[in-house]
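The values are calculated or read from the model by the stated rules, or taken from the named source; none is laboratory data. In this text the structure is predicted, and so the values were computed from the model without any measurement. Note that we place each Cβ from the backbone using ideal geometry, even for glycine, and neighbour counts take in every protein chain shown. Accessible surface areas use protein heavy atoms only, side chains included; no ligands, DNA or RNA. Shrake-Rupley method; radii C 1.70, N 1.55, O 1.52, S 1.80 Å.
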Amino acid sequence: MKDIASRGSIILLRSPPIASLLLVDFLSLFYSGAPALLFFPESLDRTRSHGTHLTKPSMVINAAEANSEKLYAHYLSQAAWNGGLIVLLQTSPESPKIFSLLHRIFVGEPLDKLKESALKAGVSEDDFQAFLVYAGGLFANNGNYKGFGDTKFIPNLSKETFELIVKSSKAYENDNTHITKLWKKVQNPIYSLQPRLTSLGLANKGVTTYFSSNCTEEDSNLVNDWMKTKRIEAYICRTFKTTADDGLPLYTIHLASVKSSPKPPLTMDKEKYKNAYFQVTRGDYSALLKLASDHLANAKKHAANENEMKMLEHYINSFVEGDLNEHKEGSRFWIKDKGPIIETYQGFIETYRDPSGQRGEFEGFVAMVNKEMSKKFGNLVDGAERFIKLLPWGRDLEKDTFLRPDFTSLDVLTFSGSGIPAGINIPNYDEIRQNEGFKNVSLGNVIPAAYKESVIPFLSEEDKRLLEKYRVASFEVQVGLHELLGHGSGKLLRQNADGSFNFDKEKVKNPLTGKQIESWYTEGETYDSKFTTLGSAFEECRAEAVGLYLSLQPEIIKIFGYEGQEAEDVTYVNWLSLLWNGVAKATEMYQPSTKSWLQAHARARFVLMRLLQLEGDGLLEVQEPVPEKDLLLTLDRQRLATDGKRIIGEFLVKLQTLKATGDAAAAERLFDRYSRLDEPWARWRDIVMLHKQPRNIFVQPNTALKDGEVELKRYPASAEGMVTSWVERFPTTEVDDELEKLAEADSKYFEELERLAAA
């Protein structure tokens with residue numbers, strides 16, 4: 001599936017012939033390993049996890065054990081899919097209602113019958129296909145805004161034709177009152193081109209449901225200040241602003257949980273702070289978290305070891321009670337569960353889409369270990385302590401002890417959320433990452449799928465040839481370095497609750513000033529709470545820069561199986577690919593009207609590209625060979641190991657120092673210099689948009705129970721396959737009922753957006 005044309009920041013989901021739709025069934029097209037093996041043979045010669053280490057593959061798993069693993073994967077997938085519906089409520093006020101309308105229509109009758117009725121009503125083949133493409137886009141992104149880029153997409157058929165299809169459906173025939181009501185609620189938000197409604201953001205910069213629509217950046221900052229005083233982290237909450245009886249603002253911090261009754265100290269009664277009131281309640285997304293928790297409870301019965309059982313127990317407690325500390329405790333057991341056959345992580349994880357950079361979007365994945373690639377990552381972990389010493393910021397800004405993580409390559413069975421990444425470094429909780437450990441995950445079957453049928457503009461023919469040949473190989477290297485030695489490195493300088501410091505305050509010097517350290521994190525402060533909106537892009541830039549810097553080491557490239565000229569080509573392509581993304585892709589995620597970046601990774605890559613362009617004295621050049629139509633990126637590969645390494649190394653020292661000392665103001669100034677779209681980049685963005693390429697949408701499989709056995713069902717890589725997978729994932733309209741109830745309960749907080757869509 002492709003978003004092919006752009007109208008400002010509105011993406012039109014066009015309907016080209018099926019053959020050119022870029023829907024990817026990554027299990028059947030790109031993978032023939034664990035998921036296929038897991039679900040079909042009765043016995044497998046495999047390794048077995050015991051929670052602390054991975055034993056040698058010296059035993060054959062019998063049928064009972066294999067079936068238990070299938071059931072474990074099935075119930076985890078069910079939990080992930082049901083929990084993933086929360087993202088609809090986290091994206092826009094209309095997303096759950098649009099989902100309900102489309103899902104009710106598709107559940108009501110087979111697609112061929114719906115199409116037959118629509119064509120009889122006068123709908124063209126192309127318009128019906130556009131309807132399916134729009135539905136697939138909404139299902140894949142869990143909302144009507146892109147998961148990567150946060151811009152709105154609208155159907156490539158008229159509102160009148162969309163309504164014709166709705167009214168041709170069996171769902172409309174069976175309950176025209178309810179379907180008509182739904183359609184009237186969503187038709188304007190689906191199609192509205194009002195500037196504020198074209199992207200996600202806070203107040204007049206866009207749409208968000210993490211805050212009520214009357215919240216401004218000042219409100220967000222005030223809420224952040226109050227939450228710091230209470231040592232409340234924002235991962236599992238939303239904030240709604242109303243007016244108290246005396247006219248002062250009342251901010252309700254609403255926790256995600258099954259239970260909604262007061263439970264101090266998780267919940268808090270109203271109190272006054274800086275001429276406003278604050279209270280903490282719970283019960284957000286209750287019905288969906290109940291479904292996810294019930295499936296996790298079933299999965300727990302089939303866990304392979306004590307760590308997995310404890311992990312799920314704490315996740316369930318977190319979802320039921322609204323207690324973030326329970327999720328942290330579950331994460332501690334997760335990082336202890338080394339090398340499981342079936343891997344999962346679920347909860348409110350990444351903060352990219354919260355305008356303040358602190359609230360987590362629900363995410364859940366279930367995957368199986370790819371042993372061949374995991375062995376390479378294991379070798380990288382073996383050398384990690386040596387490689388970290390090569391980083392340019394020195395020992396004082398590095399963790400006191402390297403916490404050896406688990407690093408596996410996984411082949412995804414299920415990934416719910418707003419999109420599928422290529423790699424993950426989690427948990428995101430500072431105190432666990434800094435002091436206890438983390439896991440690195442590379443989603444191996446996503447990487448080749450993500451590069452399928454990609455067009456490469458703005459490069460010479462030779463560079464294009466190298467990129468096509470080595471981009472998957474180089475990206476696997478970059479993911480490994482980015483996750484393990486990028487996100488996994490670096491110390492936060494902190495003052496503890498007892499007044500002591502986790503560094504020698506008298507001896508440690510700031511590398512940028514040569515003076516003593518003057519700023520640090522205090523009790524209750526986290527990286528996210530200090531860096532807020534900048535945090536994600538800044539950290540992604542640091543991790544990407546680590547990948548570039550260390551990929552110059554032949555020893556590291558050799559771990560991945562490349563030596564000699566081929567190793568040099570992989571290293572060059574690693575730099576070329578990332579910097580080409582900065583030129584050819586990143587500015588798609590920039591919104592000129594608000595002068596804001598809509599995606600953290602895109603901003604990070606643009607910053608690194610501009611750094612080398614501005615500071616490299618010809619190391620990286622961008623030219624406009626065909627005015628207003630084409631660009632050309634050139635990179636001097638002979639200077640990467642000298643000038644390239646020096647420039648990136650000096651920049652890394654700045655990034656790590658500012659992060660370690662919590663100096664968010666200086667970080668903002670640094671990033672602003674390299675991420676502004678000064679001329680000619682403001683004009684060159686138009687050229688980038690002319691060459692905008694389709695993006696992948698993955699058609700994921702389903703698991704189902706039949707006569708006590710778990711079956712795996714795959715679907716064609718087509719719009720029809722995408723829709724069918726979601727119908728069979730949720731075969732009844734019960735989830736639609738719950739989504740509508742939750743959306744209706746929230747609607748009073750977003751009336752301003754509803755009025756704007758109707759204007």
Within segment 285-293, can one find any residue that is touching a helix residue (DSSP H, G or I) at 6+ places or on another chain (Cβ under 7 Å), in contact (Cβ under 8 Å) with a residue 60 or more places away in the chain, at positive phi and hydroxyl-bearing (Ser, Thr, Tyr)?
yes
Is it the case that residue 446 is within 30 Å of residue 362 (Cβ to Cβ), at pLDDT 90 or above and buried (at least 22 other Cβ atoms within 10 Å of the Cβ)?
no
What number of residues in segment 503-513 are open to solvent by less than 50 Å² (accessible area, probe 1.4 Å) and not aliphatic (A, V, I, L, M)?
2
Consider residue 193 against the criteria (1) hydrophobic (A, V, I, L, M, F, W, C); (2) under 16 Å from residue 134 (Cβ atoms); (3) crowded, with 17+ Cβ neighbours inside 10 Å: it satisfies all of them except one. Which criterion is unmet?
(3)
What helices (runs of 4 or more DSSP H) lie completely within segment 73-127 and have 2 or more residues being touching a residue at least 24 places away in the same chain (Cβ under 8 Å) and either polar (S, T, N, Q) or in contact with a Pro (Cβ under 6 Å, 6 or more places away or on another chain) (or both)?
86-91, 95-107
In segment 307-366, the residues that are assigned to a strand (DSSP E or B) and either within 20 Å of residue 146 (Cα to Cα) or without any contact (Cβ under 8 Å) to a residue 12 or more places away in the chain (or both):
348, 349, 350, 361, 362, 363, 364, 365
Of all residues being open to solvent by 50 Å² or more (accessible area, probe 1.4 Å) and in contact with a helix residue (DSSP H, G or I) (Cβ under 9 Å, 6 or more places away or on another chain) in segment 452-471, which is modelled with the lowest pLDDT? Just the residue, please.
453
Six or more apart or on different chains, Cβ atoms under 9 Å: show the pairs whose first residue is in segment 146-157 and closer than 14 Å to residue 128 by Cα and touching a residue at least 60 places away in the same chain (Cβ under 8 Å) and whose second is open to solvent by 10 Å² or more (accessible area, probe 1.4 Å) and aromatic (Phe, Trp, Tyr).
155/191
Output the residue which, of all residues in segment 610-628 that are part of a helix (DSSP H, G or I) and out of contact with any strand residue (DSSP E or B) (no Cβ under 8 Å at 6 or more places or on another chain), is surrounded by the fewest Cβ atoms within 10 Å (Cβ to Cβ).
614
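Condition check ((1) crowded, with 22+ Cβ neighbours inside 10 Å; (2) more than 23 Å from residue 350 (Cα to Cα)) across all residues:
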residue: 389; (1), (2): no, yes
residue: 394; (1), (2): no, yes
residue: 401; (1), (2): no, yes
residue: 404; (1), (2): no, no
residue: 408; (1), (2): yes, no
residue: 429; (1), (2): no, no
residue: 438; (1), (2): yes, no
Checking the structure you have, find out if any residue of segment 560-573 is within 21 Å of residue 669 (Cα to Cα), surrounded by fewer than 22 Cβ atoms within 10 Å (Cβ to Cβ) and among the aliphatic types (A, V, I, L, M).
no
Pull up segment 285-306, narrow it to residues that are assigned to a helix (DSSP H, G or I) and hydroxyl-bearing (Ser, Thr, Tyr), then point me to the one that is farthest from residue 259 (Cα to Cα).
293
Those residues of segment 378-388 that are modelled with pLDDT of 95 or more and over 14 Å from residue 555 (Cα atoms) come to a total of 0
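Of everything in segment 545-559, what is part of a helix (DSSP H, G or I), touching a residue at least 60 places away in the same chain (Cβ under 8 Å) and either open to solvent by 10 Å² or more (accessible area, probe 1.4 Å) or touching a Pro at 6+ places or on another chain (Cβ under 7 Å) (or both)? Give them in sequence order.
Residues satisfying the conditions are 549, 555, 559.
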Taking residue 309, is it open to solvent by 10 Å² or more (accessible area, probe 1.4 Å) and out of contact with any Gly (no Cβ under 9 Å at 6 or more places or on another chain)?
yes
So which residues in segment 560-587 are part of a loop (DSSP other than H, G, I, E, B) and either closer than 21 Å to residue 440 by Cα or touching a strand residue (DSSP E or B) at 6+ places or on another chain (Cβ under 8 Å) (or both), if there are any at all?
560, 561
If you check 121, 135, which single one turns out to be touching a Leu at 6+ places or on another chain (Cβ under 7 Å), of a type in the set (A, V, I, L, M, F, W, C), open to solvent by 30 Å² or more (accessible area, probe 1.4 Å) and at pLDDT 95 or above?
121
Exactly one condition in (1) surrounded by fewer than 19 Cβ atoms within 10 Å (Cβ to Cβ); (2) farther than 30 Å from residue 139 by Cβ; (3) modelled with pLDDT of 95 or more is not met by residue 687; state its number.
(1)
Mind checking which residues of segment 588-609 are in contact with a Phe, Trp or Tyr (Cβ under 7 Å, 6 or more places away or on another chain) and either open to solvent by 40 Å² or more (accessible area, probe 1.4 Å) or part of a helix (DSSP H, G or I) (or both)?
589, 597, 600, 603, 607
Residue that is nearest to residue 552 (Cα to Cα) [pool: residues in segment 472-500 that are open to solvent by less than 10 Å² (accessible area, probe 1.4 Å) and of a type in the set (Gly, Ala, Ser)]
474
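For segment 495-508, which positions are more than 16 Å from residue 400 (Cα to Cα) and in contact (Cβ under 8 Å) with a residue 12 or more places away in the chain? Step through it out loud before you land on a result.
Our first condition is that a residue be more than 16 Å from residue 400 (Cα to Cα); within segment 495-508, this holds for 497-499, 506.
Scanning segment 495-508 gives a single hit, 497.
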Residue among 667, 719, 682 that alone is buried (at least 16 other Cβ atoms within 10 Å of the Cβ) and over 30 Å from residue 113 (Cβ atoms):
667
Determine, yes or no, whether residue 300 is charged (D, E, K, R), in contact with a helix residue (DSSP H, G or I) (Cβ under 7 Å, 6 or more places away or on another chain), crowded, with 17+ Cβ neighbours inside 10 Å and under 30 Å from residue 709 (Cβ atoms).
yes
Can you confirm whether residue 361 is open to solvent by 10 Å² or more (accessible area, probe 1.4 Å) and in contact with a strand residue (DSSP E or B) (Cβ under 6 Å, 6 or more places away or on another chain)?
yes
Between 712, 677, 652, which is in contact with a strand residue (DSSP E or B) (Cβ under 7 Å, 6 or more places away or on another chain), within 24 Å of residue 541 (Cβ to Cβ) and of a type in the set (A, V, I, L, M)?
677
Can you confirm whether residue 231 is among the basic types (Lys, Arg) and buried (at least 18 other Cβ atoms within 10 Å of the Cβ)?
no
Considering every residue within segment 169-184, establish whether at least one is open to solvent by less than 10 Å² (accessible area, probe 1.4 Å) and without any contact (Cβ under 8 Å) to a residue 40 or more places away in the chain.
no
